[in-house]
Amino acid sequence: MAATLKDVAERAGVSTSAVSRTFTHGASVSEKMRRKVEKAASELGYSPNVLASSLTTQRTHMIGLISNNFHNPIFLQVFDQFTRTLQDHGLRPLLVNLSDEIDPAASVRMMRQYSVDGVIVASSTLPPAFSKAFRAAGMPIVNSFGRFSTDPEVHIVSVDNSDAGRMAARELVMRGYTDVGFMGGPESATSTRDRLHGFSAELAKHPDVLARHSYAAAYSFEAGRAEMQRIIAQGDIAQAYFCGDDVLSIGALSALNDAHLKVPDDIGIIGFNDMQMSGWQNINLTTIRQPLSEMIASSVDLIRTLLDQPDRRPEVRLFPCEVIERGTLRPRS
């Protein structure tokens, strides 16, 4: 049978409460006592029951990690880094898939059922109402990849998507393209609208450049491929495209290849995200990188702070993007 807390106490010659304090984060216990208890626990192969200890501390150390974009490969990287970073800080991630969820109240009920200490919404496409619902329910909440606001209602860690759109437009103009397009994700997504806004605003400074835009049904390979196939069939294709996500870009590249159009000789493509496969030799996508590692570390730092300061005033932490030069745009003029 597995060793119990009482067994450890008897082996160490201390009280059961001393053993409990030793394995309770932040509890007061002398270094001598800690060494005795840990030695006894090691000899007996004892591991504390974290669920049982949560009944005493009123903390589960569980963080709801919520997204709705599981079909996008970038989120494999996002979840990998989030789960590792949370675990490194003694927190336990509860991964929640909201791909078909439209009711924030149902998500709040789920998080209450699991008694999470806080919630991270890792999505740029879920409406702001989701994050606001958690705050209204009294849960510490951070919206990673959320929409920039000068007066946020929840804590946001993100990039300025409008600025990313301007950055993409400048790159296309600098490379001599005079007919350019924006191929976004779902029109309803705030990230799509903001990237298009910045893209259009920058191109408005260049009246000699023709600009157009369209939307894919989702941030997915299939949606990017289907939208580029539609554009090609329509026969009104631009010289270069800013695709609002790398996975859309890769779908577009597939459609262009099927149509025997060469990239970048015939058509230029610039993406957004810099997910790992974008750098693969057979893709070699020029893209705009958002600093995932820094954003995820900041999100975890913020949720940890909120666990002790739940009334902290909402803030926005913005991170800069950068262009990653590869092989899907012609050289700068």
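Give, as a single signed number, the net charge of other residues whose beta carbon lies under 14 Å from the beta carbon of residue 322, with Lys and Arg counted +1 and Asp and Glu -1.
Net charge around residue 322: -2.
Measure off 7 Å from each Cα along the Cα-to-Cβ vector at residue 259 and residue 204, then give the distance between these two points in nanometres to one decimal.
For residue 259 paired with residue 204, the spin-label model returns 2.9 nm.
Would you mind checking which residues have amide H under 5 Å from residue 241's amide H? H placed 1.01 Å from N; only 5 or more apart, or other chain.
181, 268, 269, 270
Take the Cα atoms of segment 161-290, build their convex hull, and give its volume per residue in Å³.
Roughly 93 Å³ of hull volume per residue.
Where Rh denotes the Kirkwood radius from the mean inverse Cα pair distance, what is Rg over Rh for segment 209-259?
Answer for segment 209-259: 0.93.
According to the square roots a ≥ b ≥ c of the eigenvalues of the Cα gyration tensor, what is the shape class of the chain, taking rounded for a/c under 1.5, prolate for a/b larger than b/c otherwise, and oblate for the remainder?
Working: a/c = 2.91, a/b = 2.45, b/c = 1.19.
Judged from the Cα gyration tensor, the chain comes out prolate (a/c at least 1.5, a/b above b/c).
Please arrange 23, 82 by how many other C-beta atoms lie within 10 Å of their C-beta, fewest to most. Present the calculation step by step, with values, prior to reporting the outcome.
Values: 23 20, 82 24.
Ranked by crowding around the Cβ, least crowded first: 23, 82.
Kindly state, to the nearest 0.05, the FRET efficiency for residue 35 paired with residue 312, given R0 = 25 Å and r defined as their beta-carbon distance.
It comes to 0.10.
For residue 222 and residue 129, what does the FRET efficiency come to when R0 = 30 Å and r is the distance between their Cβ atoms, rounded to the nearest 0.05? Spell out each step's value before the answer.
Working: r = 27 Å, r/R0 = 0.91.
The formula returns an efficiency of 0.65 here.
Extending each Cα 7 Å along its Cβ direction at residue 324 and residue 190, get the distance between those two points in nm, one decimal.
So the two model labels end up 2.5 nm from each other.
DSSP beta bridges in the chain, what fraction antiparallel, as a percent rounded to 5?
10 percent
List the residues, sorted by chain then number, that are 5 or more residues from residue 328 or on another chain and whose placed amide H is less than 5 Å from its amide H.
286
Please order 47, 298 by the number of other Cβ within 10 Å, starting at the fewest.
47, 298
Per-residue HN-Hα couplings for segment 154-159, Karplus 6.51 cos²θ - 1.76 cosθ + 1.60 at θ = phi - 60°, whole Hz, x for Gly and Pro?
Ordered by residue, 3J(HN,Hα) equals 9, 6, 10, 10, 6, 10 Hz.
What is the sum of charges around residue 242, taking Lys and Arg as +1, Asp and Glu as -1, for the other residues whose C-beta is under 10 Å from the C-beta of residue 242?
Numbers: positive: 195; negative: 171.
Around residue 242, the charge tally is 0.
Taking only Cα atoms, what is the 0 to 90° angle, nearest 10, from helix 221-234's long axis to the longest principal axis of the chain?
The angle comes out near 10 degrees.
What's the local net charge at residue 251, with K and R +1, D and E -1, over the other residues with C-beta under 13 Å away? Write out the running numbers ahead of the final one.
Working: positive: 225, 230; negative: 222, 227, 245, 246, 258.
Local charge sum for residue 251: -3.
Report the relative contact order of the chain, percent, no decimals, based on alpha-carbon pairs under 8 angstrom and at least 6 residues apart.
16 percent
In which sequence would 205, 32, 132 go, from the one with the fewest C-beta neighbours within 10 Å to the one with the most?
Ascending number of Cβ neighbours within 10 Å: 32, 205, 132.
Starting from the Cα-Cα distance between residue 301 and residue 151, subtract it from 0.36 nm times their residue separation and give me the gain in nm to one decimal.
Gain on extension, residue 301 to residue 151, equals 51.9 nm.
Here, each number is a calculation from the coordinates, and none is a lab measurement. Since the model is a prediction, treat every value here as computed from it, not as a measurement. Cβ sites come from the backbone with ideal geometry, for glycine too, and all protein chains shown count toward neighbours.
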